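One structure below.
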């Protein structure tokens, strides 16, 4: 019974598994440049992908909280964050003003049809992934509560430490 419940919960949470690779979806960045998602990387260092929408208050709180410590995170781990807006096409014009007003230093991609989100089996936002230096999904998290960014950086540190041990 317990196993059946866990299976059903995992199906509800989507098909995304740890160690999977990113799917190939064509998106645009906030300035209109084409980006293919399976090529997203950070030079062998961890990459955070954070799905958000302009109307999602927890998403905006999460990205703002991370922006306060982002410079420190980058200095310590070399991590890079890419924010992916799932705002629909008729609301896409709200994304750049929000990013500018918030001072978010992230690369921002636009997923107006939720193709990337759907390809990853993501149901709800905010949704955060950490991609390891080899391009594999190493961590995933749904939702945001104040302070959850600490858990996120701890996972990045673990990935960095694990990569360092393998390099020895």
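The values are calculated or read from the model by the stated rules, or taken from the named source; none is laboratory data. Predicted, not measured: the structure shown is a model, and the values here were computed from it. Note: ideal-geometry Cβ built from the backbone for every residue, glycine included; neighbour counts use all protein chains shown.
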Let me confirm something: among 95, 69, 79, 84, which residue is crowded, with 20+ Cβ neighbours inside 10 Å, more than 15 Å from the chain's Cα centre (by Cα) and touching a residue at least 40 places away in the same chain (Cβ under 8 Å)?
95
A careful count of residues in region 19-32 that are farther than 13 Å from residue 49 by Cβ, assigned to a loop (DSSP other than H, G, I, E, B) and in contact (Cβ under 8 Å) with a residue 40 or more places away in the chain gives 2
Give me the pairs: first residue in region 143-158 and in contact (Cβ under 8 Å) with a residue 60 or more places away in the chain and on the phi > 0 side of the Ramachandran plot, second residue surrounded by 15 or more Cβ atoms within 10 Å (Cβ to Cβ) and part of a loop (DSSP other than H, G, I, E, B), beta-carbon distance under 9 Å, and six or more apart or on different chains, which are they?
143/125; 143/126
Quick check: is even one residue across region 70-82 in contact with a strand residue (DSSP E or B) (Cβ under 7 Å, 6 or more places away or on another chain) and more than 20 Å from residue 141 (Cβ to Cβ)?
no
Would you be able to say whether some residue in region 133-154 is under 12 Å from the mean Cα position of the chain (by Cα), closer than 24 Å to residue 31 by Cβ and modelled with pLDDT of 95 or more?
no
Region 105-139: number of residues that are crowded, with 20+ Cβ neighbours inside 10 Å and farther than 19 Å from residue 54 by Cβ:
7
Can you tell me which residue in region 98-111 is farthest from residue 137 (Cα to Cα), limited to those that are touching a strand residue (DSSP E or B) at 6+ places or on another chain (Cβ under 8 Å) and without any contact (Cβ under 8 Å) to a residue 60 or more places away in the chain?
104
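Among residues belonging to region 33-56 that are in a loop (DSSP other than H, G, I, E, B) and touching a strand residue (DSSP E or B) at 6+ places or on another chain (Cβ under 9 Å), point out the one that is surrounded by the fewest Cβ atoms within 10 Å (Cβ to Cβ).
Step one: of region 33-56, the residues in a loop (DSSP other than H, G, I, E, B) are 33, 40-46, 53-56.
Among the residues that remain, those that are also touching a strand residue (DSSP E or B) at 6+ places or on another chain (Cβ under 9 Å) are: 40-43, 45-46, 53-54.
Details: 40: 19, 41: 14, 42: 17, 43: 8, 45: 18, 46: 25, 53: 21, 54: 18.
Result: 43.
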With the condition kept exactly as written, say whether any residue in region 126-141 is in contact (Cβ under 8 Å) with a residue 24 or more places away in the chain, touching a helix residue (DSSP H, G or I) at 6+ places or on another chain (Cβ under 9 Å) and on the phi > 0 side of the Ramachandran plot.
yes
Would region 11-20 turn up any residue that is touching a strand residue (DSSP E or B) at 6+ places or on another chain (Cβ under 6 Å), surrounded by 13 or more Cβ atoms within 10 Å (Cβ to Cβ) and at pLDDT 95 or above?
no
Going through region 82-114 in order, the residues found to be part of a strand (DSSP E or B) and over 19 Å from residue 57 (Cβ atoms) are 82, 107, 109, 110
